[in-house]
Amino acid sequence: MLPPSPPPTLGASAPHSAIPDEYTLDESIWKTIGRDFVTIGRNLRSVLIPINWKFHGQAQALRNWDLWGPLVFMLVLAIVLSTGEKNASAVFAMVFAEVALGAIVLTINVILLGGELVFFQAVCLLGYCLFPLVVAAIICAAVSIKWVRILVTVLCLTWASFATIPFIGNAVPQGRKSLAVYPVMLMYVSLAWLAMVKS
Amino acid sequence: MSFGPQSHAGAWAPAPGGAYGQPHMALQFTDTTAQQYVTGTMGRHEERQGMLGPGRSDDPGVGFAAPPGVPGAPPPGPGAGPGAGAGEHTPREDYTKYPFYNVRRYREYFDVDTKDVLWRVTNSMIGVFRPNFMEVTMKNPDLYGPFWTATTLIFIVAVANNFVSYIDWRKNRGSDSPPPPPSLSPSPEPTPSPSPVMDAVGAMGAAAADALSNPGRLLLASTTDDQWFTDYTKLGTSAAIFYGYVFIVGLIVFFTVKWFKGELKLANVFCIYGYCLSVYVPVSILCVIPIAWLQWLLVMLATALGAGFLFMNFKATIFAAAPARASIVLLLIVAAHVALGLGLKLYFFSY
């Protein structure tokens, strides 16, 4: 399994996983996968848990970014939203394309607006911030009471926005925060809408 | 990241010129990570200041493979990007040091603040009465507005479409049973199916039969069902129409003006065409109201505003370029916009 992380990952994660850096080559596959899961969990926590919600907290945590987490969340979201639909494959393709291309386009948008972001770090963050929406989609797929669905969707949308907006907003110059944040909200709101109206 | 005091085109009366540019110089980052960027940007800024002086070579075609970050790398030739037609303006900040494949090269076209964008959106709606959009954006056209306006329209049209079809579906279902909210349970109340075969088989069989039946039936069934991307082909069409209108019609107008040897930049054309779509954003939301004459009124009003905005802002340029044929060109521009409005009304906003 190819870890999609940059080399600093090993050094940074060593104190947590207690695996010597130089011996990762001949460890068992399960250990590698386990380490990836630990990374995903740690990144998820640092992105989404409302402790230390400063930009640098997130940025430091995401210094060892990974793309496994975003990939998993994108896939789960697309699968959840497409199950039970008449043309499930089309919906799957649509959702997956939206989240994958959306993360890339939003990052490019921030860079174009004059922000300085590490590209994959931002993609990673935007991917992890899909997690609340995944939760919302799963709950909305299971529960059919309307006000519960609306409440859950709004809550999860708020959670996702609070995790994303500081990061994106602080990356650009002062007068342009809303320009950078608006497209992010456009994507998240449309995804939340998808989750809410899903039958 | 940092734009000098000279960066502003002067659209905002209260704080023109240097006073406005000041916040950008003093970047107010509170975190540690961005600190290095601040110093780095300052360094680059000074480089730029130096470069803007005497020896800025404009040698196209040489520097395609110039490494990023080398100051003074000559700009790649025309055709390198969306703003390739924008040749002869003075850069406020030399983005051309980036090679054409670097995203940062195109920052020039995203050099706007929230206030600028809000002003442009507002002006595009009332452009008929205050046609100074072209003058203001002449120096600093942006592609942020056009791109995100079109994208917003695509999403909003899709959501509104879906919402209306959901309401319809609820209304249709409400007659025969108390409307249960949509659920994922394996045996949902199947929508009243026209064929007797469907009644015979169970819910699971219905799904399978649906999948196997011809696409026409599938479409028929899905119009009564609540689904998000019921008409996902419409989403593709709306993307093609909105992006295509800005891009293709903009290109045509640009080349027409160029053919008349007029002074116009491609980015300016895209900018105007993109912003003139912004009127349709509130209209496409309001068209959810199922009153036909109101929808027609709104769409036609928006179309008139947009066409007037285009007309007033292109008038000076085109009359300067080709006084003899200007009226024909302007008429064609307005006609194209009216055609867009009609198409939108008939295809999208009739929900």
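The values are calculated or read from the model by the stated rules, or taken from the named source; none is laboratory data. Since the structure is predicted, the reported quantities are computational estimates derived from the model, not experimental observations. All Cβ positions, even for glycine, are placed from backbone atoms using ideal geometry, and neighbour counts span all protein chains on display.
Just a few scattered comments:
- Close contacts from segment B:142-157, counting a first residue that is facing chain A (nearest Cβ under 7 Å) and a second that is of a type in the set (Ser, Thr, Tyr) and part of a helix (DSSP H, G or I), with Cβ to Cβ under 8 Å and a gap of 6+ residues or different chains, come to B:TYR144/B:TYR109; B:TRP148/A:TYR182; B:PHE155/A:SER190.
- Here B:LEU298, B:LEU342 are screened, and the one residue that is more than 19 Å from B:ASN268 (Cα to Cα) and surrounded by 15 or more Cβ atoms within 10 Å (Cβ to Cβ) is B:LEU298.
- Inter-residue pairs, beta-carbon under 7 Å, first more than 8 Å from chain B (Cβ to nearest Cβ) and in segment A:78-94, second part of a helix (DSSP H, G or I) and among the hydroxyl-bearing types (Ser, Thr, Tyr), 6+ apart: A:ALA88/A:SER82; A:PHE92/A:SER82
- Selection within segment A:137-150 - over 16 Å from A:LEU44 (Cβ atoms) and assigned to a helix (DSSP H, G or I): A:ALA137, A:ILE139, A:CYS140, A:ALA141, A:ALA142, A:LYS146, A:TRP147, A:VAL148, A:ARG149, A:ILE150
- Of the residues screened, B:TYR243 is one that is within 26 Å of B:VAL117 (Cα to Cα), hydroxyl-bearing (Ser, Thr, Tyr), within 22 Å of the chain's Cα centre (by Cα) and surrounded by fewer than 22 Cβ atoms within 10 Å (Cβ to Cβ).
- Selection status of A:VAL135, at pLDDT below 90, farther than 30 Å from B:ASP116 by Cβ and touching a helix residue (DSSP H, G or I) at 6+ places or on another chain (Cβ under 7 Å): no
- Residue match in segment B:259-273 (condition: modelled with pLDDT of 90 or more and more than 28 Å from B:VAL112 (Cβ to Cβ)): no
- Filter result (free of Cβ contacts under 8 Å to residues at least 12 places away in the same chain and among the aliphatic types (A, V, I, L, M)) within segment B:307-341: B:ALA324, B:ALA326, B:ILE328, B:LEU331, B:LEU332, B:ALA335, B:ALA339
- On the stretch given as segment A:183-199, residues that are facing another protein chain (nearest Cβ under 7 Å) and either in a helix (DSSP H, G or I) or free of Cβ contacts under 8 Å to residues at least 12 places away in the same chain (or both) total 6.
- Looking only at residues of segment A:107-136 that are part of a helix (DSSP H, G or I) and β-branched (Val, Ile, Thr), we find that the one that is farthest from B:VAL112 (Cα to Cα) is A:VAL135.
- Residue count for segment A:123-179, restricted to those that are over 15 Å from A:ALA192 (Cβ atoms) and among the polar types (S, T, N, Q): 4
- In segment B:104-129, the qualifying residues are those that are without any contact (Cβ under 8 Å) to a residue 24 or more places away in the chain and hydroxyl-bearing (Ser, Thr, Tyr), and the one that is farthest from A:TYR182 (Cα to Cα) is B:THR122.
- Matching residues, segment A:102-150, being more than 28 Å from A:GLN174 (Cα to Cα) and facing chain B (nearest Cβ under 8 Å): A:ALA141, A:ALA142, A:SER144, A:ILE145, A:LYS146, A:ARG149
- Matching residues, segment B:328-351, being among the small types (Gly, Ala, Ser) and at pLDDT 85 or above: B:ALA335, B:ALA336, B:ALA339, B:GLY341, B:GLY343
- Selection count where residues are more than 12 Å from A:TRP159 (Cα to Cα) and not aliphatic (A, V, I, L, M), scope segment A:129-149: 5
- Meets criteria (assigned to a helix (DSSP H, G or I) and surrounded by fewer than 17 Cβ atoms within 10 Å (Cβ to Cβ)) for A:SER178: yes
- Given (1) surrounded by fewer than 18 Cβ atoms within 10 Å (Cβ to Cβ); (2) within 7 Å of another protein chain (Cβ to nearest Cβ); (3) of a type in the set (S, T, N, Q), number of the condition A:THR158 does not satisfy: (2)
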